[in-house]
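J.: There's a structure below that I have some questions on.
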Amino acid sequence: MDIGKLLSIVGSIPKDKLKTDAGLKEVIRDMGKKVGKNFSDKELNSYVAQFRQMSKTESVGSLMNKLSKKGINTKDLNNLKKRFK
């Protein structure tokens, strides 16, 4: 899945679903289904906990840095930066 498609999916998520654990689980489950993956409740709980932790400690800059270390190419990173502005 390319970054553009992922961003369009993320952009379509209603912000109110990100406020509750049940909403996050629903969003993660739906995204998993779109890429052909089914998550167990244990996996969902782990991803929700990771999301909550990242939302408290990460900034756009630190996330961009992590993406570059994971191998996301410069063109995609620049496109992401433009969308965050």
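J.: Tally up the residues in the range 56-75 that are in contact (Cβ under 8 Å) with a residue 24 or more places away in the chain and exposed (fewer than 12 other Cβ atoms within 10 Å of the Cβ), please.
T.: Taking the range 56-75 first, the residues in contact (Cβ under 8 Å) with a residue 24 or more places away in the chain are 60, 72.
So of that shortlist, the ones also exposed (fewer than 12 other Cβ atoms within 10 Å of the Cβ) come out as 60.
Adding up the residues that qualify gives 1.
J.: How do the pairs read when you match residues in the range 3-27 that are modelled with pLDDT of 90 or more with residues anywhere that are hydrophobic (A, V, I, L, M, F, W, C), using Cβ under 8 Å and keeping only pairs 6 or more apart or on different chains?
T.: D21/V48; L24/L18; L24/V48; L24/F51; K25/L44; K25/V48; V27/I13; V27/L18
J.: Being under 20 Å from K5 (Cβ atoms) and at pLDDT below 95 is the requirement here; does K37 meet it?
T.: Working: under 20 Å from K5 (Cβ atoms): yes; at pLDDT below 95: yes.
Against the criterion (under 20 Å from K5 (Cβ atoms) and at pLDDT below 95), K37 qualifies.
The values are calculated or read from the model by the stated rules, or taken from the named source; none is laboratory data. This structure is a prediction, so every number in the text was calculated from the model and none was measured. Neighbour counts are summed over all protein chains in view; Cβ atoms, including those assigned to glycine, are modelled from backbone coordinates with ideal geometry.
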